[in-house]
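Reviewing the structure listed below.
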Amino acid sequence: MTQPKPPAHCTFEPDDWLKLARQWHPIARSCDVTSAPAKAVLLDEPLVIYRINGAVVVAKDVCPHRGVPLTLGSHDEQGIICPYHGLRFGEAGHCNRIPSSPDQSIPAKLNLMTYSVQERYGLVWVCIAPDQDHPASVPVMPHWDEAGFQQINCPHFDVACFAGRQVEGFLDVAHFAWIHTETFADPQNQHVPPYNPVETDYGFSVDYWSTVGNYPASSDHRAPDGFMWLRRFDMYLPFTATLTIHFPGEARLVIMNAASPVSARKTRMFAPIARNFDLHVPVDDVYDFNLRVFEEDRLMVETQRPETLPLDLTLEAHIPADRSSIAYRRGLKKMGFGEFFLV
């Protein structure tokens with residue numbers, strides 16, 4: 001089998017690009033994919049996405065005839081149409097029409113370069129270069145399919161940083177009292193109790209107990225005195241994590257932080273949410289609150305230096321609250337990643 005190669009002008013080192021290309025990454029919300037050609041970029045590779053007969057097709061955004069981006073084209077009931085010569089591509093990316101030679105048999109060379117696709121948690125996941133011997137799995141989101149849980153999928157959010165920096169920030173519990181005081185955190189509650197990440201076959205998990213609440217700062221809801229909040233983090237290497245927050249009683253909120261590496265310098269964030277309380281609250285309010293939380297993080301992750309995530313633990317100082325960060329960096333290194341030097 002031919003070894004996949006990074007695209008031209010790739011911002012990742014070739015070895016790191018290939019390791020990332022063997023993993024599943026989200027590129028769009030399922031609800032946003034229609035029969036019209038739509039554009040996405042994953043690992044510096046421009047992609048075209050479209051839906052036909054219910055199935056999603058993801059392919060390299062280039063017509064195999066004369067190299068025109070198919071995202072400039074149109075569509076009909078049979079597929080997407082190249083704007084240059086009208087070639088049409090339908091199921092599985094197969095060319096099914098050559099307008100200038102309608103009676104010609106269509107060679108396989110005119111079919112699109114397509115990629116493996118799965119739809120999970122309201123997202124379209126893509127694996128550019130599956131490892132046939134050791135295939136990766138799509139991350140798991142707790143409670144998504146359980147009765148009583150509402151499924152919400154927030155609009156994507158772009159951030160100008162390396163995906164690993166954003167994910168590390170999502171796992172970080174020491175920044176709540178400094179960054180998220182306008183949304184949910186108490187600026188006076190700065191202490192981080194001890195916690196211990198546990199290695200798993202997908203990365204690691206963490207049960208973090210604290211008195212830091214998770215009700216919106218504007219809410220009248222308050223937890224009972226002395227209530228200990230449990231936040232369960234599950235890190236699915238390399239760039240997807242879930243957070244399950246245990247509210248008083250049986251109320252649960254699950255947030256997936258799926259950081260899609262557009263490039264080494266740009267990340268597209270997807271955030272499916274599942275909850276079994278406040279089901280009367282308009283979905284737009286959930287979108288707005290989620291966006292406010294991410295916006296609070298933006299300045300920090302976009303200005304960190306170095307831009308990438310140092311996997312050599314001697315390159316930065318660490319404090320006891322950094323246990324998840326250290327586990328994350330060790331996990332990436334164990335996967336064989338380098339220092340993610342930018343190209």
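The values are calculated or read from the model by the stated rules, or taken from the named source; none is laboratory data. Computed from a predicted model, the values in this text were never measured in an experiment. Quick reminder, even Gly has a Cβ in these numbers, built from the backbone with ideal geometry, and neighbours come from all protein chains shown. In case anyone asks, the SASA skips ligands and DNA or RNA and just uses the protein heavy atoms, side chains included. Shrake-Rupley method; radii C 1.70, N 1.55, O 1.52, S 1.80 Å.
Table for the structure above
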read-out	value
Surface/4 estimate of mean projected area, convex hull on alpha-carbon atoms of segment 40-181, nm²	12.9
Sequence ranges 259-265, 142-148, 47-53, ranked by mean other-Cβ count within 10 angstrom, highest first	259-265, 47-53, 142-148
Gain on full stretching of the segment that runs from L313 to D15 - 0.36 nm per residue minus C-alpha separation	105.2 nm
Distance histogram in 10 Å bins (all Cα pairs of segment 69-137, percent per bin)	18, 40, 27, 14, 1
Carbon plus sulfur fraction of accessible area for segment 1-108, probe 1.4 Å, in percent	51
Surface accessible to a 1.4 Å probe, per residue, for the residues of the chain, Å²	48
Dmax and Rg, reported as Rg then Dmax, of the chain (C-alpha, Å)	21.8, 77
Residue-span extension gain [N189 to M113] - 0.36 nm each, minus C-alpha spacing	22.1 nm
10 Å beta-carbon shell around Q150, net charge (K/R +1, D/E -1)	0
Ratio Rg/Rh, restricted to segment 288-343 and using Cα atoms, in which Rh is the Kirkwood radius	1.03
Per-residue [θ]222 nm for the chain (sum of -39500 (n - 2.57) over DSSP H runs n ≥ 4, rounded to 500)	-4500 deg cm²/dmol
Separation between Cα centres of segment 16-82 and segment 147-194, rounded to whole Å	30
FRET efficiency for A147 and E182, using Cβ-Cβ distance with R0 set to 41 Å, rounded to 0.05	0.75
Cysteines, the chain, no other Cys beta-carbon under 4.7 Å	C10, C31, C95, C127, C154, C161
Förster-model FRET efficiency, 25 Å R0, T211 and K333, C-beta, rounded to 0.05	0.15
